[in-house]
Amino acid sequence: MRIADFAVEIWMNRWETRCRYNLAETCVDSVTTEELLAIDGVDAAAFTAELLPMRLSYGEIEGSARLRAAIAALYETASADAVIVAHGAAGANALAYQALVEPGDVVIPMVPTYQQHSSIPESLGAEVRPLALREEDGWLPDTGELRRLAHGGAKVIAVVNPHNPTGSLLDERRLDDIVAIAREAGAWILADEVYRGLEQVEPVTSSSFVDRYERTVGIGSMSKAFSLAGLRLGWIVAPGEAHAAVNRHRDYSVISVGMVDDLLASIALEARDALLARNRGIVRENLAMLDAWVAAEPRISYVRPAAGTTALLRYDAALDAETVCLRLLETEGVLLTPGSAMDAEGYLRIGYANETAVLREGLARFSAFLATL
Ligand SMILES: Cc1ncc(COP(=O)(O)O)c(C=O)c1O
């Protein structure tokens, strides 16, 4: 089966171990197991006593009952039975599309987006109708345009909320409009909500499509808001027929996730308020720093993100985004991601949720680079 190159992954794989200041990272500064236990108030000896005698079988195939209950508690209406554990949100998205999409189906992603949402349906033979997000709209979807694209029926409307790469967050009106349009079109909403919990404004955790629309396939992850990408653990929340279809595909490619990952994810989610408080503290402090930097940088402007870990920076220079990124990396050791890797030429994606000291130094070096242009 043919599929397009995943441009951001290729960029990250090539450069992320060869930079000094990684401002391309999209996870909140990751924690160690020791830090996780301390944040969650779990005694390390008690944890070891649970871990060491664990027989390393496949475990519970759909994910442990303990973990699925902790995931269901992230939603107002989800039951543990609706939760399927997967290998990261990357695995969850891939499974969801395999389960939902057939050749000729209409799939509507909002671009720029996380490339899975356009390239996987395309590889499955779907008719992908991208809805372009525009800077002048605050990177929020024009729901009139969405209605036009979905007219006549659509199989999936793919929404990343909070949004990667722009950091935009859907307001109540748009959430309601998207649900109404999906209902009219008979579409599933594939809601990739891996950045949920990293809002800059109250309410602290934004509303999930899972709690608003019965034909939602909700995707979540331990990687971003919970800063535990090393667990490679994500999930799908899906009702009846979609749940069964996902499981049918999952048996062929997942079987189960690792039991140690399942245990650590359970511990993290059971005390999620403490971990989210740490992580929200980081994104809020770091965004304040980025915001002040952008205000002082004559060659850079942006739409201030409302949530998540990333923003798109517009730059004033007659160079393509990849050239800017490569020169910045070469001269200052700072890694950004070119917008060209995500259908956003003319922009640079910054991930601002890494260690605060890395962001501070990286921005200072970025300024030095911009002064040479
Ligand atoms: C919107 C979005 N969905 C899914 C993923 C994949 O996350 P995971 O690490 O859980 O596989 C990412 C990672 O960058 C992402 O940004």
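Segment Asp5..Glu355, full-extension length gain: 123.0 nm, with 0.36 nm per residue of separation and the alpha-carbon distance subtracted.
Where the alpha-carbon atoms of the range 248-373 are placed on the principal axes, they occupy 52, 35, 25 Å, in descending order.
Scaling against 2.2 N^0.38 Å puts the C-alpha radius of gyration of the range 198-255 at 1.35.
Only helices enter the 222 nm calculation for the chain: every DSSP H run of n ≥ 4 contributes -39,500 (n - 2.57), and dividing by all residues gives -13000 deg cm²/dmol, rounded to 500. Cα centroids of the range 247-277 and the range 131-162: 31 Å apart. Converting the Cα gyration tensor eigenvalues of the range 212-321 into ellipsoid dimensions via √(5λ) gives semi-axes, longest first, of 36, 19, 14 Å. Put the Cα centre of the range 53-123 next to the Cα centre of the range 324-373 and the gap is 32 Å. Between Glu184 and Ala132, what's the calculated FRET efficiency when r is the beta-carbon distance and R0 is 25 Å? Round to 0.05. Plugging the Cβ-Cβ distance into 1/(1 + (r/R0)^6) gives 0.75. Taking 0.36 nm per residue of sequence separation and removing the Cα-Cα distance, the Ser253/Ala364 pair yields an extension gain of 35.5 nm. The loop-placed trypsin sites (Lys or Arg not before Pro) in the range 28-84, going by DSSP, that have at most 13 neighbouring Cβ atoms within 10 Å of their Cβ come out as Arg55. Taking square-rooted eigenvalues a ≥ b ≥ c of the alpha carbon gyration tensor, is the range 74-193 rounded, prolate or oblate, where a/c under 1.5 means rounded and, failing that, a/b exceeding b/c means prolate? Rounded, because the longest to shortest axis ratio a/c is under 1.5. Ligands, DNA and RNA are left out, and with a 1.4 angstrom probe the accessible area of the chain is 41 Å² per residue. Label positions at Ile61 and Thr372, each projected 7 Å from the Cα along the C-beta direction, are separated by 5.8 nm. Residues Thr216, Thr205, ordered by accessible area of protein heavy atoms at a 1.4 angstrom probe radius and largest first, appear as Thr205, Thr216. Each listed q (0.25 Å⁻¹) maps to a log10 I(q)/I(0) for the range 292-357 from the Debye sum over equal C-alpha point scatterers, namely -1.30. For Trp139, the residues whose modelled amide H falls within less than 5 Å of its own, excluding neighbours fewer than 5 places apart on the same chain, are Arg134. Helices in the chain that qualify as membrane-span-like (whole DSSP H runs, Cα extent of at least 27 Å along the helix axis, mean Kyte-Doolittle hydropathy of -1.0 or higher) are 272-296. Projected label points at Ala288 and Ala49, each 7 Å from Cα along the beta carbon direction, are separated by 4.1 nanometres.
Mean projected area of the Cα convex hull of the range 1-114, taken over all directions, amounts to 11.8 nm². With the convex hull constructed from alpha-carbon coordinates only, the chain shows a mean projected area of 18.0 nm² over all directions. What you get for the chain, charging only the Cβ of Lys and Arg (+1) and of Asp and Glu (-1), is a dipole of about 320 debye around the Cα centre.
Antiparallel as a % of all DSSP beta bridges within the chain, to the nearest 5?
In the chain, approximately 50 percent of DSSP beta bridges are antiparallel ones.
Mean projection of the Cα convex hull over all viewing directions, computed for the range 106-164: 3.8 nm².
The values are calculated or read from the model by the stated rules, or taken from the named source; none is laboratory data. Source: prediction; values computed, not measured. Virtual Cβ from ideal backbone geometry, glycine too; neighbours counted across all protein chains shown. Side chains are part of the model used for accessible areas, which takes the heavy atoms of the whole protein and leaves out ligands, DNA and RNA. Shrake-Rupley method; radii C 1.70, N 1.55, O 1.52, S 1.80 Å.
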